[in-house]
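> Quick one: the structure is below, questions incoming.
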Amino acid sequence: MADYIPFVLNALTLISLLMVVSMGLAIIFGLMNVINLAHGEFITIGAFTLVTVQAAGGSFWLALLIAPAVGYIIGLVLERLLIARVYADPLHAILATWGLSLIIQQVLQLVFGAAPQPVTGPFPGSVELFGANYPAYRLFLIAVSLAIFAATVVLFRKTRFGLDLRASIQSAEMASVMGIDPARINARAFAFGAALAALAGVLLAPLTSVTAYMGINYLARSFFVVLVGGAGSVGGVAAGSGLIGGLETFLSYQIPATMAQALVLIMAVVILRFRPKGIVPA
């Protein structure tokens, strides 16, 4: 049994990460129908927030609180200045967010340099589970990711903000008649998606190399999680993350990791061919 524990926990780690990374995109793309190619850069912003906080003598926990606020503020500003102007034209949204991603990458590289930045996690060492040793930080990541996902589900299903957002998505005109300001709701939703991505960046940073281009590795995965799970479906994020993360972990034990990622993306395309609305359609 001890031989299977690391495999199961590695799969849960990747699935948990994909859930947090993709939840922000599910809000922006799945619910707001904005193809945000700069989503990966908000993950990078969160990771570099951790770099900055720890370089200034702060802790991982402080960065975990600051990063979502940084992502929210930057997302709110960019939505008002740029994204709000391209809602009606998906092609312009693609071009605008792609250009934005390139700008953020270059700014981060100019400020921090091209070399990977050092960060430290809050839990060194490992924990013994059923006869197998497993890194303590990865166990923490699984737990906190599930908590974030659950809190986000509650926010969108049980709060006034979630109700207003869903009403605005279904019919902006009718929502306006009911006293809802769709422009304000869209701005808050985009900013919240950016905050979730920045939070994911902090959680991801201790496990990977923190560079200006780290977010690119998670952009395609996030889109496939949302599409395969079901665009506009919060439950679809969990289903898509489980499928993509589980398959990638399993294949990584059999073949090189890069080939495993490529095969998973091919499988995702095949699934979308037969289930274009995803596993859990909205």
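> Using only the alpha-carbon atoms, how far is helix 234-252 inclined from the longest principal axis of the chain? Give it as 0 to 90 degrees, nearest 10.
30
> Quick one: Karplus J couplings for region 132-144, per residue in order, coefficients 6.51, -1.76, 1.60, θ = phi - 60°, nearest Hz, x for Gly and Pro?
10, 8, 9, x, 5, 5, 5, 5, 4, 4, 4, 5, 6
> From the backbone phi of region 44-52, what are the Karplus-calculated ³J(HN,Hα) couplings (6.51 cos²θ - 1.76 cosθ + 1.60, θ = phi - 60°) in whole Hz, Gly and Pro given as x?
Working through the residues one at a time gives 4, 4, x, 5, 6, 5, 4, 4, 5 Hz.
> Using only alpha carbon pairs under 8 Å that are at least six residues apart, calculate the relative contact order of region 181-282 and give it in whole percent.
30
> Considering only Gly236, Val111, Leu203, whose Cα is most displaced toward the positive end of the charge dipole of the chain, charges sitting on Cβ of Lys, Arg (+1) and Asp, Glu (-1)?
Going by the charge dipole, the pick is Gly236.
> Among Met178, Val264, Ile279, which residue has its Cα furthest toward the positive end of the charge dipole of the chain, with +1 on Lys/Arg Cβ and -1 on Asp/Glu Cβ?
The residue sitting farthest along the positive end of the dipole is Met178.
> Tell me the Kirkwood radius of region 5-213: reciprocal of the mean inverse pair distance over distinct alpha-carbon atoms, in Å.
18.0
> ³J(HN,Hα) across region 204-221 via Karplus (A = 6.51, B = -1.76, C = 1.60, θ = phi - 60°), whole Hz, x for Gly/Pro?
7, 3, x, 9, 8, 7, 8, 10, 5, 10, 5, x, 4, 5, 10, 5, 4, 4
> Separate question: Summing -39500 (n - 2.57) over the DSSP H runs of n ≥ 4 in the chain and dividing by its residue number, what mean residue ellipticity at 222 nm do you reach, to the nearest 500 deg cm²/dmol?
Calculated from helices alone, the mean residue ellipticity at 222 nm is -23500 deg cm²/dmol.
> Ok, one more. Specify the residue with the greatest mean-square fluctuation among Pro182, Pro90, Pro124, computed from a Gaussian network of the chain linking alpha-carbon atoms under 10 Å apart.
Most flexible of the set in this elastic network: Pro124.
> Using the Cα centre of the chain as origin and beta-carbon charges of +1 (Lys, Arg) and -1 (Asp, Glu), tell me which of Ala189, Ile74, Ile43 is placed farthest towards the positive end of the dipole.
About the Cα centre, the residue reaching furthest to the positive side is Ala189.
> Still on this structure, I have one more. Applying a 10 Å radius around every beta-carbon, put 183-192, 105-114, 49-58 in order of their mean neighbour count, most first.
So the peptides 183-192, 105-114, 49-58, ranked by packing, come out 183-192, 49-58, 105-114.
> With a sphere of radius 14 Å drawn around the Cβ of Leu204, what net charge do the other residues whose Cβ falls strictly inside it have (Lys, Arg +1; Asp, Glu -1)?
Counting the neighbours of Leu204, the net charge comes to +1.
> Once you keep just the Cα pairs under 8 angstrom separated by 6 or more residues, what percentage relative contact order results for region 5-213? Before the final figure, lay out the partial values.
Working: 278 pairs, mean separation 92.0, N = 209.
Across region 5-213, relative contact order equals 44 percent.
> State to the nearest 20 debye the size of the charge dipole of the chain about its Cα centre, where the only charges are +1 on K and R beta carbons and -1 on D and E beta carbons.
Computed charge dipole of the chain: roughly 460 debye.
> Sticking with this one: Helix 257-274 sits at what angle to the longest principal axis of the chain, using alpha carbons and giving 0 to 90 degrees rounded to 10?
Approximately 40 degrees, to the nearest ten.
> While we're looking at this one, here's another question. What angle do you read, to the nearest 10 degrees and between 0 and 90, between the alpha-carbon axis of helix 160-170 and the longest principal axis of the chain?
Orientation of helix 160-170: about 70 degrees from the principal axis.
> Under a 5 Å amide H to amide H cut-off, with H placed in plane at 1.01 Å, what residues pair with Val210 once short-range neighbours are removed?
Excluding prolines and chain starts, which carry no amide H, the hits are Gln117.
Readers should treat all values here as calculations from the given coordinates under stated rules, not as data from a laboratory. What you are looking at is a predicted structure, and each value in this text was computed from that prediction instead of being measured. Cβ atoms come from the backbone with ideal geometry, glycine included; neighbour counts cover every protein chain shown.
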